[in-house]
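To start, the structure under review is shown below, and the notes come after it.
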Amino acid sequence: MHVAAVVAGFDAQAGGGHTFENEVLGALKAAAASSQHRFTVLCQPDSKSALTEMLAGSGIGIEAVPFSSGRIATMIYREIEAVRAHWRWPSDIDKIAIPLGVQFVWFLSAQPDRTDIPYMTVVWDLQHRATPWFPEMSAKGVWDARDAVHRWFLQRASKVITGTRVGAEQIANFFQVPADNILTLPHPTPSYAANAVAADNDVEAIKRLGLSEPYLLYPAQFWPHKNHVNLLLAIAQLKREGLPVCLAL
């Protein structure tokens, strides 16, 4: 089978999304040579050179997709079912994938897009449904946009990957995706984190960062739903009980 793996951005500044894509692509590079399937990576033009360098020697093809659909056209397609049902112009992905003979599309990130080829995607979380009261989940139309996109994108997917049992239950409950269409696969541990554990510890690194032991590391964006407030309350309680803890955010 010819499988197209779609990379949404591959920008290191994207944080966890980039880390996830990078780990999956690294595993794909290692497995491609022994696989019975053929793989092509579809990416945005500004990511092609970096991905070509990363996947060199793997036999995986790299094709740039312009992703040129305008914002208004994308919104109309997303919001109006009659447009999706009757105006089936090829998507940017299909314009590249179909001539290549792609038989299955694999979206490596949670970025929804349109294709008429059978596809699989991943869901990292559905916090706009689970915690809709947070402004970053609802304000300025965020909730409406996320829900509209997820509904048609997840319901049409051949398979949906999620990292936890709770995530699988939310996909099934919120969007009525059949349980057989959901794959629960733990998300990969970043290789740089695993390698750091195996490497010699630099005891001076903690001091250079202004930390002292014991300390907690919480690498998360400063969004309200990341729950920094309760973390600070917990550390304050520990200090009152005689256990001072340093915190790195």
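The values are calculated or read from the model by the stated rules, or taken from the named source; none is laboratory data. What you see is a predicted model, and the numbers here were worked out from it, not measured in a lab. Here Cβ is always computed from backbone atoms with ideal geometry, including for glycine, and neighbour counts include all displayed protein chains. Quick note on the areas: whole protein, heavy atoms, side chains included, nothing else; ligands and nucleic acids left out. Shrake-Rupley method; radii C 1.70, N 1.55, O 1.52, S 1.80 Å.
Carbon and sulfur: what percent of the stretch 154-249's accessible surface (1.4 Å probe)?
Values: 4010 of 6880 Å².
About 58 percent, which is the carbon plus sulfur part of the accessible surface.
Suppose each label sits 7 Å from its Cα in the direction of the beta carbon; what would the residue 211-residue 179 distance come out to in nanometres?
Here the answer is 4.1 nm between the modelled labels.
Extension gain residue 241-residue 30, at 0.36 nm per residue separation less the Cα-Cα distance, in nm?
Details: separation 211, 0.36 × 211 = 75.96 nm, distance 4.95 nm.
Extending this stretch completely gives an extra 71.0 nm.
How many percent of the accessible area of the stretch 1-49 is carbon or sulfur, using a 1.4 Å probe?
Numbers: 1190 of 2360 Å².
It is 50 percent, rounded to a whole number.
Taking Cα centroids, how far is the stretch 200-238 from the stretch 1-66 in Å?
Measuring centre to centre over Cα atoms gives 33 Å.
Normalised by the number of residues in the stretch 153-249, what is the relative contact order in percent for Cα pairs under 8 Å and 6+ residues apart? Walk me through the intermediate numbers first.
On the way: 74 pairs, mean separation 22.3, N = 97.
Relative contact order, the stretch 153-249: 23 percent.
With +1 on each Lys and Arg Cβ and -1 on each Asp and Glu Cβ, how big is the dipole of the chain about its Cα centre, in debye rounded to the nearest 20? Could the numbers behind the result be given before it?
Numbers: 21 positive and 23 negative charges, 88 e Å.
Using only the charged Cβ atoms, the result is roughly 420 debye.
Treat each spin label as a single point 7 Å out from the Cα along the C-beta direction, and report the residue 131 to residue 195 distance in nm.
Between residue 131 and residue 195, the simple spin-label model gives 3.2 nm.
Could you list which residues have their amide H under 5 Å from that of residue 6, counting only those 5 or more apart in sequence or on another chain, with H placed in the peptide plane?
For residue 6, the qualifying residues are 42, 106, 107, 108.
Can you tell me the length gained on complete extension of the stretch residue 223 to residue 46, counting 0.36 nm per residue apart and subtracting the Cα distance? Each step should come with its number before you reach the end.
On the way: separation 177, 0.36 × 177 = 63.72 nm, distance 2.86 nm.
Result: 60.9 nm gained on full extension.
If you roll a 1.4 Å probe over the heavy atoms of the protein chains, what accessible area per residue do you get for the chain, in Å²?
Numbers: 14820 Å² over 249 residues.
I get 59 Å² per residue for the chain.
Based on the alpha-carbon gyration tensor of the chain, what equivalent-ellipsoid semi-axes (square roots of 5 times the eigenvalues) come out, in whole Å, largest first?
Working: eigenvalues 263, 130, 53 Å².
Over the Cα atoms of the chain, the ellipsoid semi-axes are 36, 25, 16 Å.
Given a Förster distance of 25 angstrom, what is the FRET efficiency for residue 2 paired with residue 148, based on the Cβ-Cβ distance and rounded to 0.05? Mind showing how you got there, number by number?
Numbers: r = 31 Å, r/R0 = 1.23.
Once rounded, the FRET efficiency stands at 0.25.
Say each of residue 139 and residue 95 gets a label point 7 Å from the Cα, pointing the same way as Cα to Cβ; how far apart are those two points in nm?
3.6
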